[in-house]
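Working notes, beginning with the structure itself.
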Amino acid sequence: MTPSLETRELTVRFGGHVAVDAVSCAFWPGTLTAIVGPNGAGKTTYFNLISGQLEATAGQVFVGGDEVSSLPAPERTRRGLGRAFQLTNLFPNLSVLENVRLAVQARRGLGLNLWSIWSNHRALVAEAEAILERIALAARRDAPASSLPHGDQRKLEVGILLALEPMVFMFDEPTAGMSVDEVPVILDLIREIKRDTSRTILLVEHKMDVVRELSDRIIVLHNGKLAADGAPAEVIASPVVQQAYLGMPADDEEAQAPA
């Protein structure tokens, strides 16, 4: 089976600093992979390289077996990459409904012109409204996106991803800044996407309870390098995660010994 997404020796340097260091990894349909590591490990930078927000210094990115390394971010989206950011990425002055409708319109190859396709308008709106029902925002359909509280903005961004129907869903800390009451809605949406075994999900998340519950696989980045890759229980228990991610010393007895 061809991976949905693959990186080969993917690298980016900023001056003398190597932020992502020759990361090779393949991701498969029907799998949710959590990407973990301490702050500054290169997780979001790796996402930026995959989605085309950042140009790689070296290495390659493949989507569905096709190399997309030289393609800009919008073209990678058309090839099947869907990205949700740490900070919401919406049209703030458009309504909730229009944000989703434009995503439906773009997926159908109709561009982003708001006025040129009135013959298709009803069908597009109906599809967008169905998505708003799924993300529990139907009651806010006419509100400007900028007026939504943070948690609802994150839900709307997931709705836009659903409208694009990507092959690969990329979530960068989707619950960041959300209240305890808001988090379950986002996690339920991710669970719903996961039930479609034709989709691939990548999840950057700091909350280890979320990682344990949702992930089929965990990869660990540390200082830009791929430090661990495997089943959740195995990776979480590994020394590299205990040190690099959880901040625990390699040898507790040594750490407790008198100086």
So if we plug the beta-carbon distance of GLN242 and ASP216 into 1/(1 + (r/R0)^6) with R0 = 25 Å, what FRET efficiency do we get, rounded to 0.05? 0.75
In the neighbourhood of ASP172 defined by beta carbon distances under 14 Å, the net charge of the other residues (Lys, Arg +1; Asp, Glu -1) is +1
Mean Cβ neighbour count within 10 Å, used as a protection proxy, ranking 219-230, 142-153 highest first: 219-230, 142-153
ALA139 versus ASP181: modelled label distance in nm, points set 7 Å from Cα along the beta carbon direction: 1.1 nm
Sulfur and carbon atoms: percent of accessible area, the chain [1.4 Å]: 52 percent
Measuring from the longest principal axis of the C-alpha atoms of the chain, the long axis of helix 96-107 (C-alpha) lies at a number of degrees, nearest 10, equal to 80 degrees
Accessible area in square angstrom per residue, segment 1-90, 1.4 angstrom probe: 44 Å²
Pick from GLY109, GLY40, GLY177 the residue whose mean-square fluctuation is largest in a GNM of the chain, springs joining Cα atoms under 10 Å. GLY109
For the ALA58, THR2 Cβ pair and Förster radius 25 Å, calculated FRET efficiency rounded to 0.05 is 0.65
Summed over the other residues with a beta carbon less than 14 angstrom from that of GLY59, with K and R at +1 and D and E at -1, the charge totals -2
Under a cut-off of 17 Å between alpha-carbon atoms, report the lysines in cross-link reach of LYS225, not counting same-chain residues fewer than 8 places apart. LYS43
By how many nm would the segment from SER95 to ALA233 lengthen if fully extended, with 0.36 nm per residue of separation less the alpha-carbon distance? 45.4 nm
Taking only Cα atoms, what is the 0 to 90° angle, nearest 10, from helix 183-194's long axis to the longest principal axis of the chain? 80 degrees
What angle, in degrees between 0 and 90 and rounded to the nearest 10, separates the Cα long axis of helix 121-134 from the longest principal axis of the Cα atoms of the chain? 40 degrees
Theoretical ellipticity at 222 nm over the chain - DSSP helices of four or more residues, -39500 (n - 2.57) apiece, nearest 500: -10000 deg cm²/dmol
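The values are calculated or read from the model by the stated rules, or taken from the named source; none is laboratory data. Predicted, not measured: the structure shown is a model, and the values here were computed from it. Note: ideal-geometry Cβ built from the backbone for every residue, glycine included; neighbour counts use all protein chains shown. All accessible areas refer to the heavy atoms of the entire protein, side chains included, with ligands and DNA or RNA removed. Shrake-Rupley method; radii C 1.70, N 1.55, O 1.52, S 1.80 Å.
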